[in-house]
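Comments concern the structure below.
The values are calculated or read from the model by the stated rules, or taken from the named source; none is laboratory data. Note that this is a predicted model, so its numbers are computed, not measured. Cβ atoms come from the backbone with ideal geometry, glycine included; neighbour counts cover every protein chain shown. When the accessible area is computed, the model is the full protein with side chains, heavy atoms only, and any ligands, DNA or RNA have been set aside. Shrake-Rupley method; radii C 1.70, N 1.55, O 1.52, S 1.80 Å.
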Amino acid sequence: MRLILLGPPGAGKGTQAKFLVDAYGIPQLSTGDMLREAVAAGSDVGKQAKAIMEAGKLVSDDIMNAIISERISQPDCRKGFILDGFPRTLEQADALYHMLEGKGMEIDTVIALEVDDDALVERISGRFTCGNCGEGYHDKFKQPAKEGVCDRCGESDFKRRKDDNPETLRTRLFAYYKDTAPLIGYYHAYRKLRTVDGMADIGDVTKAIRAVLEA
Ligand code: ADP
Ligand code: ADP
Ligand code: ZN
């Protein structure tokens, strides 16, 4: 199964991708995580992406297409994958189509998570993750069972993203509505789009996504 999770920053793509990884045994390909790793490693891509990400703008299509093309060629993607944060422009969507076409593959389903802007601001401002295993949390909506300790790995090294501040979020939302939201029409035209109410509780969103995938 080859899936795309589409939605604005903070919609719950990463949160839901983790459940889908467990449910279907296919990898999550988060371009945001890949770029943050590249920045941390100080690679060429990381050097080019750092300031752009801190400003909340989009990294170039050429860089992103190269990263994804390389990633989906890895053996663990043969059974399928969950794209989280890619494609983000029409050009990336077209490039993805051609990458897959070359392998005799296509995207099966695009799940669009719909969330109000006010809720996105609240979700982004309360977001933190485990620096060790990457598990995602929220100050209000998803606290660790034991305060200060990761449910998944037991470590106590939580991180907040530098770009998760109200000012940068405004730029990111602008980029979303201008460059990424047109993908909703694009995938609708290709009959791939399924819309899910992302305002519901985390568990209910998971159920709605599974219902869509199992229909
Ligand atoms: P995205 O990957 O789309 O940017 P995340 O999955 O990181 O979004 O979610 C953003 C924040 O909102 C995280 O702190 C997460 O725990 C929280 N969150 C995710 N889904 C929901 C939900 N349905 N209701 C409330 N909070 C949520
Ligand atoms: P979120 O889902 O919270 O908006 P991500 O972790 O997906 O954030 O992305 C963080 C940042 O990485 C984006 O603001 C952008 O600068 C960059 N980025 C990630 N994926 C892409 C992409 N497909 N195209 C361009 N830039 C990207
Ligand atoms: Zn952890």
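Taking amide H atoms as placed 1.01 Å from N in the peptide plane, the amide H of Val59 has no partner under 5 Å among residues 5 or more positions away or on other chains.
In this structure, the pairs whose alpha-carbon distance is over 22 Å, taken from Lys57/Lys162; Lys13/Lys178; Lys13/Lys207; Lys50/Lys140; Lys18/Lys178, are Lys50/Lys140; Lys18/Lys178. I'd like the trypsin sites (Lys or Arg not before Pro) in the stretch 165-203 restricted to DSSP loop residues with at most 14 other Cβ atoms within 10 Å, sorted by number. Answer by residue number: Arg191. Applied to the stretch 125-137, the Karplus parametrisation 6.51 cos²θ - 1.76 cosθ + 1.60 on θ = phi - 60° returns per-residue 3J(HN,Hα) values of 6, x, 7, 8, 9, 6, x, 8, 10, x, 4, x, 9 Hz, with x for Gly and Pro. Database remark: amide H of His138 closer than 5 angstrom to the amide H of Phe128, Gln143 (H placed geometrically; neighbours at sequence offset of 5 or more, or on other chains; Pro and chain starts carry no H). Would you list, by chain and number, the lysines whose Cα falls below 23 Å from the Cα of Lys103, excluding same-chain residues fewer than 8 positions away? List returned: Lys79, Lys192. If you take every DSSP beta bridge fully contained in the chain, what fraction is antiparallel? Give it as a percent rounded to 5. Restricted to the chain, the bridges split so that about 30 percent are antiparallel. Stokes-Einstein, applied to the Kirkwood radius of the stretch 128-182 over Cα pairs at a viscosity of 1.306 mPa s and 10 °C, places its translational diffusion at 124 µm² s⁻¹. For Phe19, the accessible surface of its heavy atoms amounts to roughly 90 Å² (probe 1.4 Å, protein chains only, rounded to the nearest 10). Normalising the average separation of contacting C-alpha pairs (under 8 angstrom, six or more residues apart) by the number of residues puts the relative contact order of the chain at 29 percent. Over the Cα atoms of the stretch 35-174, compute the convex hull volume and normalise it per residue, giving Å³. Per residue, the Cα convex hull of the stretch 35-174 comes to 143 Å³.
Rg and Dmax over the alpha-carbon atoms of the stretch 113-215 stand at 16.0, 46 Å. Direction-averaged projected area, Cα convex hull, the stretch 1-97: 6.2 nm², rounded to one decimal.
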